[in-house]
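Each remark here refers to the structure printed beneath this line.
The values are calculated or read from the model by the stated rules, or taken from the named source; none is laboratory data. The structure presented is a predicted model; accordingly, all values stated were derived computationally and were not measured. Methodologically, a virtual Cβ is constructed for each residue, glycine included, from the backbone with ideal geometry; neighbour enumeration extends over all protein chains shown.
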Amino acid sequence: MVLGQLQALPKLKVSEQSHRSSKKISKKVELSNLEVVQLFHVSPTKNRESILTYGLVPKSKPDGYILYPPRIFVSTLYEEAAFDYVNYEDVDVWSFYLPKHLLYPDEFSSYANHYYTEHPVPWYKLSLFKSL
């Protein structure tokens with residue numbers, strides 16, 4: 001007999017979790033004790049072949065009223081990866097490690113753990129963490 005089938009317990013309902021976030025400020029992960037940091041970058045799946053060939057290349061593009069210099073946006077937590085800025089479907093989440101001195105806080109993000117780097121990340125340092 002399965003635990004969920006006991007008459008005294010209601011069946012456990014498996015719910016689908018959404019990746020949608022509510023733009024809340026989270027607790028900042030302190031990087032001071034780390035030399036190298038695991039990072040997460042969200043990109044549309046259509047970029048996968050290019051990323052596997054050239055890696056992540058800093059680019060600039062207008063984002064509303066802000067023109068960013070060439071950079072790669074990253075998060076130190078998967079749970080706070082930048083789905084809000086890219087999409088929740090047909091995206092890849094890439095993981096890689098960088099020395100913390102190459103990271104700069106993303107001053108325009110409402111998340112405490114969003115950073116950017118101006119340095120390219122070669123393809124051989126990347127791993128496809130998750131594809132959605």
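Descriptive notes on the structure:
- Residue check, Phe108 touching a residue at least 12 places away in the same chain (Cβ under 8 Å), hydrophobic (A, V, I, L, M, F, W, C) and assigned to a loop (DSSP other than H, G, I, E, B): yes
- Condition check for Ser21: of a type in the set (Gly, Ala, Ser), out of contact with any Lys or Arg (no Cβ under 6 Å at 6 or more places or on another chain), part of a loop (DSSP other than H, G, I, E, B) and at pLDDT below 65: yes
- Restricting Asn33, Asn87, Asn47 to those that are in a helix (DSSP H, G or I) and surrounded by fewer than 19 Cβ atoms within 10 Å (Cβ to Cβ) reduces the list to Asn47.
- Residue among Leu39, Leu77 that is modelled with pLDDT of 85 or more, of a type in the set (A, V, I, L, M) and under 12 Å from Tyr116 (Cα atoms): Leu39
- Condition check for Ser15: at pLDDT 75 or above, on the phi < 0 side of the Ramachandran plot and polar (S, T, N, Q): no
- Residues being modelled with pLDDT of 95 or more and touching a helix residue (DSSP H, G or I) at 6+ places or on another chain (Cβ under 9 Å) are represented in the stretch 97-104 by at least one member.
- On inspection, Pro62 passes the criterion of being closer than 15 Å to Phe108 by Cβ, at pLDDT below 80 and not aliphatic (A, V, I, L, M).
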